[in-house]
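Trainee: Dropping a structure here in structure tokens format, bear with me for questions.
The values are calculated or read from the model by the stated rules, or taken from the named source; none is laboratory data. On a predicted model such as this, the values are computed, not experimentally measured, just so you know. FYI the Cβ positions are ideal-geometry reconstructions off the backbone, even for glycines, and counts take in every protein chain you see.
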Amino acid sequence: MALRELSSLEKSLGLKKPNKYSTQGDKKVPVLQSNNGPSLTGLVTIATHLVREANRPELLGSTAEQRAVVQQWLEYRVTKLDNCPKEEIKTILQDLNQYLEDKVYMAGDTFTLADTLMYYGIHRIMVDLAVQEKEKHANVSRWFDHVQHYPGVRHHLPLLVVLRNRLYTSGHH
Amino acid sequence: MHFEVLSRNTSTPCSDVARARSPIRQSCAQPFFLSLDLKMAAGTLYTYPENWRAFKAQIAAQYSGAHLKVASTPPAFTFGQTNRTPAFLSNFPLGKVPAFQGDDGFCLFESNAIAHYLSNDALRGSTPQASAQVLQWVSFADSEIIPPASAWVFPTLGIMQYNKQATEQAKEEVKRVLAVLNQHLNTRTFLVGERVSLADITVVCSLLWLYKQVLEPAFREPYPNVTRWFVTCINQPQFKAVLGEVKLCDKMAQFDARKFAEMQPKKDAPPKKEKGSKEGGKQQEKKEKKEKKEDKKASAPAPEEEMDECEAALAAEPKTKDPFAHLPKSTFVLDEFKRKYSNEDTLTVALPHFWEHFDREGFSIWYGEYRFPDELTMTFMSCNLITGMFQRLDKLRKNAFASVILFGSNNDSSISGIWVFRGQDLAFTLCEDWQIDYESYNWRKLDVDSEECKTMVKEYFAWEGEFKHVGKPFNQGKIFK
């Protein structure tokens, strides 16, 4: 999973030469083999490295504050979102929905790596959501739809349909 | 370079979205886009400064990469003069701004048309549906937002008389408009499609004054989606390059009776506020304005024309009172220097720029030293003395720049500064509002060519150096700009 994600990220960054990856341990932690220098381990480490390699520093945040928030969500992605038990999904969606109420992007006012990796990470959850659930978490759905339409991001993942108009107008208000 | 076509509408042959992001890189990859780039609009936009209608075109150009020069200040364009010349009127019969003239001679008036022309396909909407939706929101802005927004905001700026009923009605209409937008943006990031379009640019610019003047937090609270979208838009680099930092309103501005009275002819002013007339010239100018107003009324203007008149007054306000009007035009653009000074390194960029462009005929450099250093006690009080003076000189900012420094420490300090003024005389005598502080200073005009002047300008602008003539260490500096 993580490997396809990194390969999508490489493409969206416009990196021409695909890197070689392997995985490590039961959790299949990705490892980037490098010709010169040590190999890199872990999704966030490698993704951050790819962004630097592509010379797109703005994707890691343009201000000190934005950079910190990007890091926060990258960390959240690996520690909270990945492998989260089923019963926690509800809380995660609620938290994110609240967080995204007044935001278009995960960090700051521009698209960053945090949007890409959070999108890759939450895709498996969104796939399983009923229409009603997507409506209930309107801010997450809106953000998700925006990111999956962001140029070059989606790649290996199927496009999900997010409705514009409410079907279930009663309740949840 | 890899770009994947990602469009909701699968019938779209290419991704408008990708093109919006990177027109240049795309054009390198595909010859088709290269031909588009070659046709890219280029030209000059005539406007008065800070015109929200002009912003629409300027932001569109930021996105499309169209080469747009803005002529908003003398000598390129003087609002009220240039746009009344026969040459201008032959190209733009209404004599209104913004007006656009292409490098190829192509002329356009009406801000929406100009913004449309300067856009790329992504901004205009690249499917028939999307471009129609863009047009829908552009029309919505003009017919639904601007009338109530003007009715509410103009009195708070002092450019229109306050009418309680009209303001209250306008507030209700603004609420209705915001509710419509809020509903639409509930499930959407931008107004049309998944990228910024001319719809967002136009509606944001139309809401700009509302958000800056009157939409206080409590008022905008029921419309979180609108505020989220608005804040995101104004923080996009392309918007920021034109709008700068936009500060959202903290507290709803109310009708400013004094400002309004100041801008009206004397006989319209409330009797209480009337001051003895002091300047004949000023009064005459106001009389002219009054006559113009009456002409307008006589011809029973459409509401929209009336609003333009108000906006014109807004733009013309500083000019009608300009005490420097008698001076010939100068080649030294003070604002340009101030931008360099604020944004770039003083020693390596701002100072060389200053000496390269400084116009010794149009400007003079002065050294001002506080006459009563013995009376200076606590440094923070001395600083207030400086900033207070700056505040009282507010209207001089357009025509002056100064760096004033406090030297020394508590009970052992002095204040001195370097001032750059329009003209060859001390500017303070030109306006009675400016005469409060200047007598507390000794003024000496510096010889622009002298070493002393070069050194002082350098040290005072950079806030570092020996300051030989002072004899006390630098404490803190204040900039008047």
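Trainee: Within the stretch B:117-171, can you find the residues that are crowded, with 19+ Cβ neighbours inside 10 Å and not in a helix (DSSP H, G or I)?
Mentor: Of everything in the stretch B:117-171, those that are crowded, with 19+ Cβ neighbours inside 10 Å and not in a helix (DSSP H, G or I) turn out to be B:Ser119, B:Asn120, B:Gly125, B:Ser126, B:Leu157, B:Gly158, B:Ile159, B:Met160.
Trainee: So which residues in the stretch B:396-453 are part of a loop (DSSP other than H, G, I, E, B) and of a type outside the set (S, T, N, Q), if there are any at all? If you could, list the steps in order and put the result at the bottom.
Mentor: We begin by selecting, within the stretch B:396-453, every residue part of a loop (DSSP other than H, G, I, E, B); these are B:410-411, B:423-426, B:431, B:435-437, B:446-450.
Listed by number, the residues that qualify are B:Gly423, B:Asp425, B:Leu426, B:Cys431, B:Ile436, B:Asp437, B:Leu446, B:Asp447, B:Val448, B:Asp449.
Trainee: A further question on this structure: Among the residues that make up the stretch B:47-59, is at least one of them modelled with pLDDT of 90 or more, within 26 Å of B:Ser126 (Cβ to Cβ), among the basic types (Lys, Arg) and under 17 Å from the mean Cα position of the chain (by Cα)?
Mentor: To start, the set of residues in the stretch B:47-59 that are modelled with pLDDT of 90 or more comprises B:47-59.
If we keep only those that are within 26 Å of B:Ser126 (Cβ to Cβ) as well, we get B:53-59.
Pick out the ones that are also among the basic types (Lys, Arg) and you get B:53, B:56.
Of the ones still in play, those that are also under 17 Å from the mean Cα position of the chain (by Cα) are B:53, B:56.
Looking through the stretch B:47-59, at least one residue is modelled with pLDDT of 90 or more, within 26 Å of B:Ser126 (Cβ to Cβ), among the basic types (Lys, Arg) and under 17 Å from the mean Cα position of the chain (by Cα).
Trainee: Among the residues that make up the stretch A:141-163, is at least one of them more than 10 Å from chain B (Cβ to nearest Cβ), out of contact with any Pro (no Cβ under 8 Å at 6 or more places or on another chain), in a helix (DSSP H, G or I) and more than 17 Å from A:Gln72 (Cα to Cα)?
Mentor: Yes, the stretch A:141-163 has at least one match.
Trainee: Starting from residues that are away from chain A (no Cβ under 12 Å) and not β-branched (Val, Ile, Thr), keep the ones in the stretch B:183-201 and report whichever is farthest from B:Ser131 (Cα to Cα).
Mentor: Among them, the one singled out is B:Leu191.
Trainee: Here is a further query. Kindly indicate whether B:Ala315 is under 23 Å from B:Val97 (Cβ atoms), surrounded by fewer than 16 Cβ atoms within 10 Å (Cβ to Cβ) and at pLDDT below 90.
Mentor: Numbers: under 23 Å from B:Val97 (Cβ atoms): yes; surrounded by fewer than 16 Cβ atoms within 10 Å (Cβ to Cβ): no; at pLDDT below 90: yes.
Taking the combined requirement at face value, the residue does not satisfy it.
Trainee: While we're looking at this one, here's another question. Can you find, within the stretch B:454-475, the residue that is surrounded by the fewest Cβ atoms within 10 Å (Cβ to Cβ) among those that are among the hydrophobic types (A, V, I, L, M, F, W, C) and part of a helix (DSSP H, G or I)? Reasoning before the result, please.
Mentor: We begin by selecting, within the stretch B:454-475, every residue among the hydrophobic types (A, V, I, L, M, F, W, C); these are B:456-457, B:461-463, B:467, B:470, B:474.
If we keep only those that are part of a helix (DSSP H, G or I) as well, we get B:456-457, B:461-462.
Working: B:Met456: 22, B:Val457: 21, B:Phe461: 22, B:Ala462: 15.
The qualifying residue surrounded by the fewest Cβ atoms within 10 Å (Cβ to Cβ) is B:Ala462.
Trainee: Only residues that are β-branched (Val, Ile, Thr), within 27 Å of the chain's Cα centre (by Cα) and part of a loop (DSSP other than H, G, I, E, B): list them for the stretch B:180-221, please.
Mentor: Across the stretch B:180-221, the qualifying residues are B:Val196, B:Val214.
Trainee: Tell me whether the stretch A:74-87 contains one or more residues that are within 12 Å of chain B (Cβ to nearest Cβ) and either surrounded by 14 or more Cβ atoms within 10 Å (Cβ to Cβ) or under 18 Å from A:Asp128 (Cα atoms) (or both). Quick ask: steps written out before the conclusion?
Mentor: Restricting attention to the stretch A:74-87, the residues satisfying the condition of being within 12 Å of chain B (Cβ to nearest Cβ) are none.
No; the residues of the stretch A:74-87 include none that is within 12 Å of chain B (Cβ to nearest Cβ) and either surrounded by 14 or more Cβ atoms within 10 Å (Cβ to Cβ) or under 18 Å from A:Asp128 (Cα atoms) (or both).
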